[in-house]
Amino acid sequence: MDLTFNSTYQAAVKVAEPVSDHFQQHMYTAQENGEDDLATVPTAKIIERMIDIAFWASLRREEGNATRISLAFLQPSQAGKPLLLANRIPLTPYALTKLAPGVERAGIHIGIWYEDNELYIWGTTTKLPNLCFVLDVAEPGLLVVKHRRLLGLGKFTNVAVLKGDQVKIVDEGCSMKRDIPDILSSLLGHKSSPVWNNPTNVLIQIAVSMRAHGKGGILLVTPPDTDEWRDSIIHPLSYPISPAFSGVADLVRRDDRSVSEIFWQNALRREVDNVSGLTAVDGATIINSRHELLAFGAKITRSYNSTAVEQVMMLEPVLDGRPHVVHPSGIGGTRHLSAAQFVHDQRNCLALVASQDGYFTIFSWSPSIQMVQGHKIDILLM
């Protein structure tokens, strides 16, 4: 397909070629590995055109409501049992704005295909083939390019984020760096598991839910069967849990095949929202690596046998990103400073910090550089 048009959104021109290369490389690898049900990879021109139209649609409103939609590039024949329009609709900002109120819920995608050098809307679908190109309009001026993971389980893999004239392309090579926590490697596709109740996948769901409630918060993840973390918490605890609440943990361990996997995923989503909602309470929410809830509203303090954290190595998994050392007070507010101090003291723990403005950081300890690392991952959670 050879589209003839001039993009008025220049970020679309900038990102189209590297995004197309990303999909081509993943498709080649999947084919070499014998994967099936693979999507068609859009050309750079198609990607550019879809981004250009979606961006201008994102700035429009329908009855006062912002446009929030998800576009998927695929034929109806690969969409399972799609909702098909009797008449195709040319892909325009106006068409997307008009359709948005009816398709803005998570999991619904507007199907896009082409004919005679024109892109058109053929209907909607909730089923996508593997590695399908997806373009989410998250908010005015904010677009996220992603693809469905192989086997279709877990969060979609983000490829690029465009916000106004800013473009960030995910660097999957960051997953190969030393001392990277499993949650980051999984988000980058390196150690991802197709199992819905894989512990790392569950932690990713908690992180996504934390970011979604928009109130900010801290989640501390400790090893099981130890109370060492208490040395870094002010006592008495405001909201201790006794016995530890195992709503999420019980579902992760469950292996009841009398009901469908979808049933368990929905049940897990409710329990995840239950735990992540508590992170909006002032203070930190504490779970162990088995996802058992230990406390919330906890106040972090420096351990009695520790020193103040002075440096944090900050990293963001984007192309051309450079690690840089900063004082933790320069990362964000008191949440970031206290989370960095906690990991500095409790080096076998993780701290997940959500900001009210959507930024998300994971703090972990790096044995190789003997320093706290801060991983900015909001680009991967959108």
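The values are calculated or read from the model by the stated rules, or taken from the named source; none is laboratory data. Not measured: the values here are computed from a predicted model. Neighbour counts are summed over all protein chains in view; Cβ atoms, including those assigned to glycine, are modelled from backbone coordinates with ideal geometry. Just so you know, the surface numbers come from the protein's heavy atoms only, side chains and all, with ligands and any DNA or RNA stripped out. Shrake-Rupley method; radii C 1.70, N 1.55, O 1.52, S 1.80 Å.
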(request) Filter segment 285-317 down to residues that are closer than 20 Å to Pro223 by Cβ and among the small types (Gly, Ala, Ser) and give me whichever is modelled with the lowest pLDDT. (result) Ser306
(message) As an exercise: evaluate Val134 against (1) open to solvent by less than 10 Å² (accessible area, probe 1.4 Å); (2) touching a helix residue (DSSP H, G or I) at 6+ places or on another chain (Cβ under 7 Å) and give the number of the one condition it does not meet.
(response) (2)
(message) With the requirement that a residue be part of a loop (DSSP other than H, G, I, E, B) and hydrophobic (A, V, I, L, M, F, W, C), what does segment 222-239 give you?
(response) Ile234, Leu237
(request) Among the residues of segment 273-326, count how many are touching a helix residue (DSSP H, G or I) at 6+ places or on another chain (Cβ under 9 Å), charged (D, E, K, R) and more than 30 Å from Val167 (Cα to Cα). (result) 6
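Here is a yes/no grid of residues against (1) under 11 Å from Lys127 (Cβ atoms); (2) surrounded by 17 or more Cβ atoms within 10 Å (Cβ to Cβ); (3) among the aliphatic types (A, V, I, L, M):
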{"residue": "Arg68", "(1), (2), (3)": "no, yes, no"}
{"residue": "Ala72", "(1), (2), (3)": "yes, yes, yes"}
{"residue": "Ala79", "(1), (2), (3)": "yes, yes, yes"}
{"residue": "Thr92", "(1), (2), (3)": "no, no, no"}
{"residue": "Leu99", "(1), (2), (3)": "no, yes, yes"}
{"residue": "Gly102", "(1), (2), (3)": "no, no, no"}
{"residue": "Gly107", "(1), (2), (3)": "yes, no, no"}
{"residue": "Gly111", "(1), (2), (3)": "yes, yes, no"}
(message) Among (1) of a type in the set (A, V, I, L, M, F, W, C); (2) over 23 Å from Lys215 (Cα atoms); (3) open to solvent by 30 Å² or more (accessible area, probe 1.4 Å), there is one condition Ile331 misses while meeting the rest; what is its number?
(response) (2)
(message) Looking at segment 1-16, I want the residues that are at pLDDT below 85 and have a partner that is open to solvent by less than 20 Å² (accessible area, probe 1.4 Å) and assigned to a loop (DSSP other than H, G, I, E, B) with Cβ atoms under 9 Å, at least 6 apart or on another chain. Which pairs are those?
(response) Met1/Pro42
(message) Residues that are over 23 Å from Met371 (Cα atoms) and of a type outside the set (Lys, Arg): list the strands (runs of 3 or more DSSP E) wholly contained in segment 240-332 that include at least 3 such residues.
(response) 293-298
(request) Within segment 336-368, work out how many residues are within 18 Å of Glu316 (Cβ to Cβ) and open to solvent by 70 Å² or more (accessible area, probe 1.4 Å). (result) 2
(message) Can you confirm whether Tyr120 is at pLDDT 95 or above and not in a strand (DSSP E or B)?
(response) no
(message) Contact list please: Cβ distance under 6 Å, first residue in segment 128-140 and assigned by the TED database to the domain that holds Pro101, second residue open to solvent by 10 Å² or more (accessible area, probe 1.4 Å) and of a type in the set (Lys, Arg), pairs at least six apart or on different chains.
(response) Leu128/Arg148; Cys132/Arg148; Val134/Lys146; Val137/Arg68
(message) So the check is Cβ under 6 Å with 6+ separation or different chains; which pairs have a first residue in segment 251-269 that's within 16 Å of Ile206 (Cβ to Cβ) and of a type in the set (S, T, N, Q) and a second one that's at pLDDT below 80 and assigned to a loop (DSSP other than H, G, I, E, B)?
(response) Gln265/Trp196
(message) Being open to solvent by 50 Å² or more (accessible area, probe 1.4 Å), touching a residue at least 24 places away in the same chain (Cβ under 8 Å) and either more than 21 Å from Lys127 (Cβ to Cβ) or not aliphatic (A, V, I, L, M) (or both) is the requirement here; does Thr29 meet it?
(response) no
(request) Could you please give the count of residues in segment 57-84 that are in a strand (DSSP E or B), more than 23 Å from the chain's Cα centre (by Cα) and under 12 Å from Ile112 (Cα atoms)? (result) 1
(request) Return only the number of the condition from (1) closer than 17 Å to Phe133 by Cβ; (2) open to solvent by less than 30 Å² (accessible area, probe 1.4 Å) that Tyr9 does not satisfy. (result) (1)
(message) Take Ala57 and tell me if it is under 23 Å from Ile89 (Cα atoms), open to solvent by less than 80 Å² (accessible area, probe 1.4 Å), out of contact with any Lys or Arg (no Cβ under 9 Å at 6 or more places or on another chain) and in contact (Cβ under 8 Å) with a residue 24 or more places away in the chain.
(response) yes
(message) With the requirement that a residue be among the aliphatic types (A, V, I, L, M), open to solvent by 40 Å² or more (accessible area, probe 1.4 Å) and within 19 Å of Thr334 (Cα to Cα), what does segment 201-253 give you?
(response) Ile234
